[in-house]
1. Which residues, taken from the range 79-89, are in a loop (DSSP other than H, G, I, E, B) and either touching a helix residue (DSSP H, G or I) at 6+ places or on another chain (Cβ under 7 Å) or surrounded by 13 or more Cβ atoms within 10 Å (Cβ to Cβ) (or both)?
2. Residue by residue through the range 160-193, note down the ones that are more than 30 Å from E63 (Cβ to Cβ) and aliphatic (A, V, I, L, M).
3. Among E60, E70, which is within 22 Å of Y191 (Cα to Cα) and at pLDDT below 95?
4. Against the condition among the hydroxyl-bearing types (S, T, Y), within 15 Å of the chain's Cα centre (by Cα) and surrounded by 15 or more Cβ atoms within 10 Å (Cβ to Cβ), how does Y188 come out, does it pass?
5. Which of the residues spanning the range 150-165 are out of contact with any His (no Cβ under 6 Å at 6 or more places or on another chain), buried (at least 19 other Cβ atoms within 10 Å of the Cβ) and not β-branched (V, I, T)?
6. Out of (1) out of contact with any Ser or Thr (no Cβ under 8 Å at 6 or more places or on another chain); (2) small (G, A, S); (3) crowded, with 21+ Cβ neighbours inside 10 Å, the odd one out for S142 is which?
7. Within the range 56-78, does at least one residue satisfy the condition of being surrounded by fewer than 21 Cβ atoms within 10 Å (Cβ to Cβ) and within 18 Å of L152 (Cα to Cα)?
Amino acid sequence: MANISDASEIPELSDMSADSSIKTPRLLLHCCCAPCASYVLEYLSPRYEITALYYNPNIEPYEEYAKRGEELQKLLSAAKYPNPVAILAPDYDNAAFKQAASQYADEPEGGKRCAECFSIRLEKTAQLASAGGYDCFATTLSVSPHKNAELLNEIGDRLGAAYGVQHLRSNFKKNDGYKRSIELSKQYSLYRQLFCGCTSSRQRWI
């Protein structure tokens, strides 16, 4: 499995650009929000042609979901990236999240509810990456100090194998990735939410 948790593990830009016949790999990047995406896009865009996938059916209420989506659009409009960055936003499907995660409503943060939520979002990413002919897929979720990168990688590896598309393992909080996301959020005046997304997390943090 490719690993992108450390800059030393990504091929040098010169390795990719020296031969014009080498196609820039296409990455479908699940983006949970603009602040987390800000660092990951900065870090990966020199090496990949990225489509930012905004698929987060866990975010409640819809107004909050829409606001975060608008902030991602704002970031992509303002930032300049070495390779093209597009955005893909499937329809809001909160019912799918509720159906899968409702039985874990009383679980603590980081427990079974969160694991189910990761699986829902990463499965959609893997499905779309496979169907769209992407070279690989990844998620911005591991930027957060509250997210278990090991668990995310386990889920991503399993789904990548199931859908026949490469999962890029990551721990973007390493090497001050979370700190850089805060700096970029200030630079682009991005909205930084106080909770992850679902009603359970909102009740805990607000």
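The values are calculated or read from the model by the stated rules, or taken from the named source; none is laboratory data. Predicted model, so just to flag it, every value in this text is computed and none were measured. Glycine gets a Cβ as well: all are built from the backbone with ideal geometry, and neighbour counts include every protein chain shown.
1. Taking the range 79-89 first, the residues in a loop (DSSP other than H, G, I, E, B) are 79-84, 89.
Answer for the range 79-89, where residues must be in a loop (DSSP other than H, G, I, E, B) and either touching a helix residue (DSSP H, G or I) at 6+ places or on another chain (Cβ under 7 Å) or surrounded by 13 or more Cβ atoms within 10 Å (Cβ to Cβ) (or both): A79, Y81, P82, N83, A89.
2. A161, A162, V165, L168
3. Values: E70 fails: at pLDDT below 95.
Only one candidate passes the filter, namely E60.
4. On the way: among the hydroxyl-bearing types (S, T, Y): yes; within 15 Å of the chain's Cα centre (by Cα): no; surrounded by 15 or more Cβ atoms within 10 Å (Cβ to Cβ): yes.
No; evaluated as a whole, the condition is false for this residue.
5. Answer for the range 150-165, where residues must be out of contact with any His (no Cβ under 6 Å at 6 or more places or on another chain), buried (at least 19 other Cβ atoms within 10 Å of the Cβ) and not β-branched (V, I, T): L152, N153, L159.
6. Of (1) out of contact with any Ser or Thr (no Cβ under 8 Å at 6 or more places or on another chain); (2) small (G, A, S); (3) crowded, with 21+ Cβ neighbours inside 10 Å, only one is false for S142: (1).
7. Among the residues of the range 56-78, not one is surrounded by fewer than 21 Cβ atoms within 10 Å (Cβ to Cβ) and within 18 Å of L152 (Cα to Cα), which makes the answer no.
Rundown of residues vs (1) touching an Asp or Glu at 6+ places or on another chain (Cβ under 8 Å); (2) farther than 20 Å from E183 by Cα; (3) of a type in the set (A, V, I, L, M, F, W, C), yes/no style:
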| site | (1), (2), (3) |
| --- | --- |
| K23 | no, yes, no |
| C32 | no, no, yes |
| Y39 | no, no, no |
| Y43 | no, no, no |
| E60 | no, yes, no |
| L75 | no, no, yes |
